[in-house]
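Each reported figure results from applying straightforward, stated rules to the coordinates on display, with no laboratory input. Keep in mind that this is a model prediction, so the values were computed, not measured. Ideal geometry is used to build each Cβ from the backbone, glycine not excepted, and the neighbour counts take in all protein chains shown.
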Amino acid sequence: MSKTVFRNYDIKCIKALLKEIGKERYEHALKDLDLHKQKPISMNGFFVEYETDTHDVYLYYKYPSRVIFKIMPVLGFWNVPHEHWVRERKK
C-alpha cells in the first residue's frame, strides 16, 4: 500500500539546511547509519521529505544506484524549505 508524502528537491534550500545542521552533526548522522565510508557524492541526490501520516520531516539522500537513505530528522531547523514541495506516492 502506498502513502502520500511531500518532497522538496530545492538544492539552494538544502545547502542552507546542511549549513545550519553543521559538519559535526551531519557526520555523526552518517556514522550512525554506517555511511561515513561512502558519503553522499553530490548535492543532486539530497531531498527533504514530509510524511503526512506522522508529520515528520527528514533529510534523505538517493545514491546513483537508486538506494535511498534517511539521514536525519530536520523538523526543528529554520532552513527547512517552505516552497516548491511536490506531492508523491511512496511505496
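Would you please state which residues of region 1-29 a label at residue 36 would reach in this model, taking the label point 7 Å out along Cα→Cβ and a backbone N cut-off of under 16 Å?
Output list for this probe position: 23-29.
Using modelled amide H (1.01 Å from N, peptide plane; none on Pro or chain starts), what sits under 5 Å from the amide H of residue 72, excluding residues fewer than 5 places away?
Amide H neighbours of residue 72, under 5 Å, 5+ apart: 59.
When the label point is put 7 Å from the Cα of residue 84 along its Cα-to-beta-carbon vector, which residues of region 7-40 have a backbone N closer than 16 Å?
Counting only backbone N, you get 7-19.
What residue among 15, 23, 70 has the largest mean-square fluctuation in a Gaussian network model of the chain, using Cα springs under 10 Å?
23
Straight-line reach from residue 37: which lysines have a Cα under 18 Å away, not including same-chain ones fewer than 8 places off?
Filter leaves 23, 62, 70.
Show me, for region 75-91, the HN-Hα J-couplings you get by feeding each phi into the Karplus relation (A = 6.51, B = -1.76, C = 1.60, θ = phi - 60°), rounded to Hz, glycine and proline as x.
Listing the rounded values in order: 4, x, 8, 6, 8, 5, x, 10, 10, 6, 7, 10, 7, 9, 9, 10, 7 Hz.
What list of ³J(HN,Hα) values in whole Hz, one per residue of region 9-15 in order, does the Karplus curve 6.51 cos²θ - 1.76 cosθ + 1.60 (θ = phi - 60°) give from phi, with Gly and Pro shown as x?
10, 5, 4, 4, 5, 5, 4
Report the normalised scattering of region 27-70 as log10 I(q)/I(0) at q = 0.17, 0.20, 0.29, 0.30 Å⁻¹, calculated by the Debye formula with identical scatterers on the alpha carbons.
So the normalised log intensities are -0.51, -0.68, -1.10, -1.13.
Which residue fluctuates the most in the chain, going by a Gaussian network model with Cα springs under 10 Å, if the choices are 28, 55, 36?
Checking each option, the largest mean-square fluctuation is seen for 55.
What are the ³J(HN,Hα) couplings of region 50-57, residue after residue, when phi is run through the Karplus curve with 6.51, -1.76, 1.60 and θ = phi - 60°? Round to Hz, x for glycine and proline.
Karplus values, whole Hz, x for Gly and Pro: 9, 8, 6, 7, 9, 6, 9, 10.
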